[in-house]
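Chemist: Sharing a structure, written as structure tokens. Questions coming.
Taken together, the values in this text are just the output of simple stated rules run on the coordinates, not laboratory data. Every value quoted in this text rests on a predicted model; they were computed, and no experiment measured them. Every residue, glycine as well, gets a Cβ built from its backbone with ideal geometry; the counts of neighbours run over all protein chains shown.
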Amino acid sequence: MNIEDALLLSTERAWDGAYITWFHAPGLTQGVEPGQFVMVHCSTERTDPMFARAFSYYRLDGDRFAICYAVVGRGTRWLSEQARGTSVRMYGPLGNGFRLPDAPSNLLLIGGGVGVAPLVDTAERAVRAGHHVVAMMGARTGQHLLAASEWPREVEYVVVTEDGSTGPKGFVTEHLGKYQEWANRIYACGPNPMFQSLADVLRLSGRRQSPEILMEENMPCGWGMCYGCAIFTKHHGVKLCCKDGPRFSLFEVF
Amino acid sequence: MAPNLSVEIAPGQKTGLLLRNPVMPASGTFSWGLEFAKHFDISRLGAVVSKGVTMVPRAGNQQPRVAETPAGMLNSIGLQNIGIHDCLTRMAPLWARWDVPVIVNIAGDSIEEFGEMARMLDGIPGISGIELNISCPNVDIGGIEIGQNVEASARATRAAVRNTDLPVIVKLTPNVTDPVALALACEAEGAAAICAINTVLGLAIDTKRRRAVLPRARGGLSGPAIKPIALRIVYDVAKAVRIPVIGCGGISTGEDAIEFLMAGATAVQVGTATFANPRALLDVLEGMEAWLTREGYDDVSQVIGCALPEGTRAG
């Protein structure tokens with residue numbers, strides 16, 4: 001873990017109400033695993049809000065990295081409004097990321113809403129390692145989707161929207177279809193109802209191998225000190241999302 | 001010359017507790033110390049204080065467990081912990097290898113359990129002191145129920161002190177009318193030091209869902225928001241007792257710590273600040289040392305209690 005005052009480089013719109021912000025942060029870009037996160041302070045005084053917010057690494061490029069986030073409260077609004085050159089206190093990288101297989105495999109990435117954030121970096125690494133990647137993303141409407149150009153060309157990008165404005169209508173977990181048999185491994189990130197639905201669908205289809213998922217919980221500290229981000233697992237007791245996760249086995253939680 | 005920072009927080013006890021400096025974590029904000037030791041040099045701390053340990057392991061409370069508030073937070077973790085057995089078998093051997101004294105915070109369900117747990121910790125390598133948690137607001141039994149009652153606090157202290165040679169620190173709740181009466185009662189039963197304060201009872205409302213944010217409604221408020229309350233109680237307690245006081249509540253900078261020392265604290269605990277700044281403990285330590293150096297002090301003891309009224313400063 002490093003603590004750094006990173007330099008904000010740019011903020012661009014990801015979709016309606018969501019942004020991609022790039023930082024220059026040499027101390028926070030080395031040895032990062034896909035799915036790890038960084039704690040970003042979203043105020044200058046750091047008293048209100050007092051705690052940093054956890055963001056997945058969205059993309060990494062040398063000593064720069066980006067986060068992708070929806071504006072959901074004061075912290076994310078503050079962040080989205082900061083100008084280029086703003087110094088932003090942050091610390092990381094933290095948590096346990098996805099484990100990709102060694103041999104070239106078929107990887108299905110499933111994302112819901114802003115849960116897409118860690119999956120682009122995951123897809124980039126997977127493609128570089130020779131895996132075949134399908135990214136299935138669910139969103140409320142076609143206006144709440146990441147542009148296809150954000151994904152590596154080699155990735156098959158499949159979109160499902162709740163209102164059917166882009167791609168098939170419904171939830172991403174209703175449209176897994178042929179992809180779930182195709183996939184050697186499944187990785188997912190999204191809201192808890194998506195995880196529950198994914199677990200139900202996969203169990204019904206008889207899949208034994210559990211996907212790896214990245215979970216989100218309110219994390220005041222991000223490094224296992226406060227015990228605020230408890231995740232109650234089925235067989236291994238209570239875990240901390242920040243320190244023991246955020247990667248969990250889907251079937252161990254849902 | 002760098003000022004001398006070492007302080008004794010259990011003078012005149014069967015076993016003393018000499019700290020290399022007055023800065024230690026607050027219980028429940030430092031887990032078992034392993035995470036800190038992974039990222040920082042833990043031997044720079046004056047002491048380590050463990051998470052609250054119970055006789056049997058606890059899973060803690062349901063989500064949500066925390067609510068962020070201006071300059072602070074409400075927590076309702078519910079003493080999630082590995083239980084005293086695992087603490088003794090898994091943690092103490094690791095602590096014994098550290099060059100820093102470890103104080104174990106114990107949370108009994110009853111007076112008797114405080115005595116029993118104190119006995120279990122006695123003589124264990126790697127454990128240098130005990131802090132009695134009679135002030136946790138987030139559990140149904142034990143905790144604050146004991147700490148809000150003078151007689152029960154005294155009996156819990158007596159039970160612990162009789163069962164161990166380790167120094168026993170009693171951590172007080174601020175959620176009482178007269179913390180000084182509690183402190184005096186615990187001192188009379190042999191407490192080595194008083195730690196003030198645990199969290200302040202508070203409440204947050206979720207306006208969208210039209211109910212309390214936390215499932216148990218009440219939670220414990222911590223962070224800079226409670227610093228003036230903590231300072232007031234440290235000041236009042238330090239005026240009244242002869243044993244050392246450990247100040248706790250909203251400390252996040254070296255100058256915060258100096259304020260507590262001036263109010264009569266011999267040592268300080270840093271808690272919630274660690275959540276916002278992983279190196280808060282070290283920042284407090286370095287800030288305190290820089291302040292003392294700048295102001296020309298050669299020993300930290302020279303500022304302890306200097307803001308107390310004449311004639312009330314202990315030894």
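Chemist: Based on the alpha carbons, how large is the Rg to Rh ratio for the stretch B:120-166 when Rh follows Kirkwood?
Modeler: 1.03
Chemist: Hey, in the GNM for chain B with a 10 angstrom Cα cutoff, which one of B:W95, B:W32, B:W291 fluctuates hardest?
Modeler: B:W291
Chemist: Evaluate the relative contact order of chain B (contact order divided by residue number), counting alpha-carbon pairs under 8 angstrom at least 6 apart; express in whole percent.
Modeler: Rounded, it is 19 percent for chain B.
Chemist: Along each of its three principal axes, how wide is the spread of alpha-carbon positions in the protein assembly as shown, in whole angstrom units, largest first?
Modeler: Cα spread of the protein assembly as shown along its principal axes, largest to smallest: 79, 49, 47 Å.
Chemist: Based on other C-beta atoms within 10 Å, arrange B:S252, A:S165, B:S301 from fewest to most.
Modeler: A:S165, B:S301, B:S252
Chemist: Just grab the label-to-label distance for B:D140 and B:R119, each label 7 Å out from Cα along the Cβ direction, in nm (one decimal).
Modeler: With each label placed 7 Å out from Cα toward Cβ, I get 2.7 nm.
Chemist: Take each of the peptides A:168-178, B:105-115, B:52-62, average the number of other beta-carbon atoms within 10 Å over its residues, and list them starting from the highest.
Modeler: In descending order of packing, they fall as B:105-115, B:52-62, A:168-178.
Chemist: Looking at the stretch A:114-176, I'd like the Rg to Rh ratio, where Rg is from alpha-carbon atoms and Rh is Kirkwood's inverse mean 1/r.
Modeler: Value, to two decimals: 0.98.
Chemist: A further question on this structure: Which lysines, if any, have their Cα less than 25 Å from the Cα of A:K178, not counting same-chain residues under 8 positions apart?
Modeler: A:K169
Chemist: Could you work out, residue by residue across B:58-66, how many beta carbons of other chains sit within 10 Å of that residue's beta carbon, and then give the average as an integer?
Modeler: If you average over the peptide's residues, the count of other-chain Cβ atoms is 5.
Chemist: I've got another one for you. Would you work out which of B:G108, B:M55, B:S6 lies farthest towards the positive end of the dipole of the stretch B:1-156, given +1 charges on the beta-carbon of Lys and Arg and -1 on that of Asp and Glu, about the Cα centre?
Modeler: B:S6
Chemist: Also, I was wondering about something else. For peptide A:230-240, compute the average count of partner chain beta-carbon atoms within 10 Å of each residue's beta-carbon.
Modeler: Across the residues of A:230-240, the mean count of other-chain Cβ atoms within 10 Å is 2.
Chemist: Continuing with this model, one more query. GNM on chain B, C-alpha springs below 10 Å: top fluctuator among B:R232, B:R210, B:R294?
Modeler: Of B:R232, B:R210, B:R294, the Gaussian network model singles out B:R210 as fluctuating most.
Chemist: Sticking with this structure for a sec: Hey, in the GNM for chain B with a 10 angstrom Cα cutoff, which one of B:L231, B:L172, B:L88 fluctuates hardest?
Modeler: Of B:L231, B:L172, B:L88, the Gaussian network model singles out B:L88 as fluctuating most.
Chemist: How large is Rg/Rh for the stretch B:19-96, to two decimals, with Cα atoms and a Kirkwood Rh?
Modeler: When Rh is taken as the Kirkwood radius, the ratio is 1.01.
Chemist: Moving on to the next point. Kindly write out, for the stretch B:240-254 in residue order, the coupling ³J(HN,Hα) from the Karplus curve 6.51 cos²θ - 1.76 cosθ + 1.60 (θ = phi - 60°), rounded to whole Hz, with x marking Gly and Pro.
Modeler: Working through the residues one at a time gives 9, 9, 9, 7, x, 10, 9, x, 8, x, x, 7, 9, 9, x Hz.
Chemist: Using +1 on the beta carbon of Lys and Arg, -1 on that of Asp and Glu, and nothing else charged, what's the dipole of the stretch B:135-227 about the Cα centre, debye to 20?
Modeler: Charge dipole, the stretch B:135-227, about its Cα centre: 620 debye, nearest 20.
Chemist: Quick one: which of B:K51/B:K171; A:K243/B:K38; B:K14/B:K51 span more than 18 angstrom between C-alpha atoms?
Modeler: Long pairs (Cα-Cα over 18 Å): B:K14/B:K51.
Chemist: Here is a follow-up. For chain B, would you read off the P(r) tail past 25 Å as a percentage of all alpha carbon pairs?
Modeler: Roughly 44 percent, rounded to a whole number.
Chemist: Let me ask you something else. I need to check one value: relative contact order of the stretch B:1-132, counting alpha carbon pairs closer than 8 Å and at least 6 residues apart, in percent.
Modeler: 22 percent
Chemist: Can you give me the relative contact order of the stretch B:163-315 as a percent, contacts being Cα pairs under 8 Å and 6 or more apart?
Modeler: Once divided by the residue count of the stretch B:163-315, the mean separation gives 20 percent.
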